[in-house]
Structure formats: C-alpha cells, structure tokens
1. Kirkwood hydrodynamic radius (Cα pairs, Å) of the range 161-296?
2. Which peptide among 171-178, 112-119 comes first, and what is the full order, when sorted by highest mean count of other Cβ atoms within 10 Å?
3. Can you give the FRET efficiency for residue 205 and residue 80, using 1/(1 + (r/R0)^6), R0 = 41 Å, r = Cβ-Cβ distance, to the nearest 0.05?
4. By how many degrees, between 0 and 90 and to the nearest 10, does the Cα long axis of helix 331-340 differ from the longest principal axis of the chain?
5. Report, to two decimal places, the Cα Rg of the range 64-174 normalised by 2.2 N^0.38 Å (N = number of residues).
6. Could you state the angle between the C-alpha long axis of helix 148-167 and the longest principal axis of the C-alpha atoms of the chain, as a value from 0 to 90 degrees rounded to the nearest 10?
7. Could you order peptides 257-266, 154-163, 198-207, 20-29 by the average number of other Cβ atoms within 10 Å of their residues, highest first?
8. Can you pull a Stokes-Einstein diffusion coefficient for the chain at 20 °C (1.002 mPa s), Rh from Kirkwood over Cα pairs, as a whole number of µm²/s?
Ligand code: NAD
Ligand code: ZN
C-alpha cells in the first residue's frame, strides 16, 4: 500500500462502464496554481452520462479521463505566485478555468470562452482523487462555518443562481420550474433566495417533489408522461393564481420546454437549463405572439461568490440535497447508486480525505 505521502488514489474513466480506481502521481502546482487535498466531490448527471454513454454531444471520452467536477478541497501547497490563499485554507473549486485572453473572457462572459478548461469534460481531467492542482483564482475560500460538503455543492448551486440571474428573478417574481432533480432544486433554492414570491415546481416523481417542498417550493405539481400540455399550463396558472413571470426548464425532457413556453406569461422569460441532444418540437407562434424571451443557461459565470454568500448566510439548506455518502475507495459503489437510482438518490457525495484507520 502507498504511504500517505504518495497516496493519490484517483477515479479514472477508461471507457463505457469501465471506471477504475488507480494510483497517479501527486501533481506539482505551477506558479499560479495550488495543490489541493481533495475534500468532497459530488456526482453529477453528466459524470454518469460519460460512464454509461462515453460521450455528451461532441465531447467524447477517447482517452482515460479522471472524473469529478463538483468539488471542494484544502490547500496543501502554493504555486510561487499565489497570494490569495494559504496552506490549510478550505476552498470550493470552480471547475471551469477560461483562457482570460479572448473577447469573451475580456467581456466578463468567461463561461463562453472557447478555450475553457473544464474538469471531467473530455479531454480535460477532473478532480475525483486525493490530490489535484487548480488555478488559485478559481478557488474560493470557505468561511469556517461552511462545510466541505457545502463547498462541493456550490457547483450545482451556481447553476441555479446563474439560471435565475438569466431569468431575471427578483422580488415578487412568480416562477415555474420544470423538474425537481438536482438542477431544478438548486434553481428553486436560488429563486426563493432572490425574492421569488411563488415558485411552482413539477416532476414525475413524488419523492422529489416532497424534497422540493422542504426546500421552499410554494406549490408542487406531479405530472405524468403523456399529460395534455395545454391542461398542464392551465393548472400551473390556476395553482399560482397567475401565469408565471419566468419559467426555468430543468429536465432535458422535451415536453417540459413546451410546457414552459405555454405557461409563461405574455412578455415573460423562459430559461432552458436542461440539455437537449436532439431537436425539440415547438409551436414557435406561441413564443412570438406572446413575445417570450427564450434564453439558454449554461454552467455559471461570476456566480460562485453569490452561491457562497447564500450558503454562508445560512438561509438555504443546500445540504439536504445529499442523500448518499461514500468514501473515495467506494467510488464504484457511489457511481452504481447514481446510475441505477437505487435508494432514490438526489445528490451522491464522495469524501476524498484518506481515513486514518
Ligand atoms: P435529473 O435527471 O436528476 O432530474 C431531472 C428531473 O426531471 C427528474 O427528477 C425527472 O423525474 C424530472 N422529469 C423528467 N421528465 C419530466 C416531465 N415531463 N415533467 C416534469 N419533470 C420531469 O437531472 P439533473 O441533474 O437535475 O439535470 C437536469 C438537466 O439539466 C439535465 O438535462 C442536465 O443535463 C442539465 N444540466 C444542465 C446544466 C447547464 O449548465 N445548462 C448543468 C447541469 C445539468
Ligand atoms: Zn477566453
């Protein structure tokens, strides 16, 4: 067995359904990087997708890839130019590091950078390992009362914060969220924190709606595949007492995008967060005649500080998204849970610190 000083157990996806734990050398931080002892890494739908399908759109796992991008860690070593962190700082890791030079980066829309490095998006490696190096300026120091679990959850939470900023959610907004998976739930948490007065959230599955209620949903609507979309839109309006100002589509299931378009008030905003690999059928006239703004939302951009402020305020309970916990050594079981859905997982969390046993 490796000694503690050499142990860098790492979860590597070789190809479809071939995920392995293996030792890798501990990397050295470059001048603007830090070496991190990894804390927590959440499993995301995209990790499972790479495991099962080997690709997401044009991103294909051709070479073995280290998994993991929803992560937190503890600074173990500083690159020689790093000033913003100290050894021992606990940090949340923003997984996308842009080039900082292109027009998108210069314009402040760095998530649109075509050369962005993004953890566990082929060919870029992730951080599901004992040690990992990352750009120091994309690590956010956590206050003492924010846990490493919460630090890892800033990643999905930032997706929700970004979606709500794109949607223009503000004091008094009425909001429809389709889908109560992790993405729908973080959108719900963000919408309530940003002042939404009434949020209705839909799902096929009752237990996810129960969690949504606990997280602050004002109304829930359980739907079934094949439900009449016009009737559902009416139900949304009746339940809210008015058509929603904004809708945030968080399923990746085509019918919910149509429901969002049908439900949103005239002149409102539809934000699409759920990813679609194929074309989606839509009556465009409904969007045109109602002057809807349809906006994509992808990852996050300058949203980690907001997500951290929200968690640090203690006003949201993002931790209740975590339904399952595993150690790094149990990564294959963790992925099995995420993949099969056994035990109704919402967020599966992997704890990377070596146990002292
Ligand atoms: P998930 O599969 O855990 O959750 C989706 C939820 O939608 C499930 O609870 C499911 O029961 C529900 N659902 C399915 N069909 C439905 C229907 N017709 N009506 C209502 N609910 C329905 O996935 P997730 O992790 O929450 O991610 C959701 C989507 O967001 C995925 O498409 C994912 O790829 C995407 N995503 C996008 C971004 C981004 O930056 N744009 C980031 C992360 C994830
Ligand atoms: Zn750039």
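FYI, it's all coordinate maths here, none of it is from the lab. Quick caveat: nothing in here was measured; it's all calculated off a predicted structure. Ideal geometry is used to build each Cβ from the backbone, glycine not excepted, and the neighbour counts take in all protein chains shown.
1. 14.2
2. Packing proxy ranking, top to bottom: 171-178, 112-119.
3. 0.20
4. The two axes meet at around 10 degrees.
5. 1.16
6. Once rounded, one gets 40 degrees.
7. 154-163, 257-266, 198-207, 20-29
8. In µm²/s, the coefficient rounds to 102.
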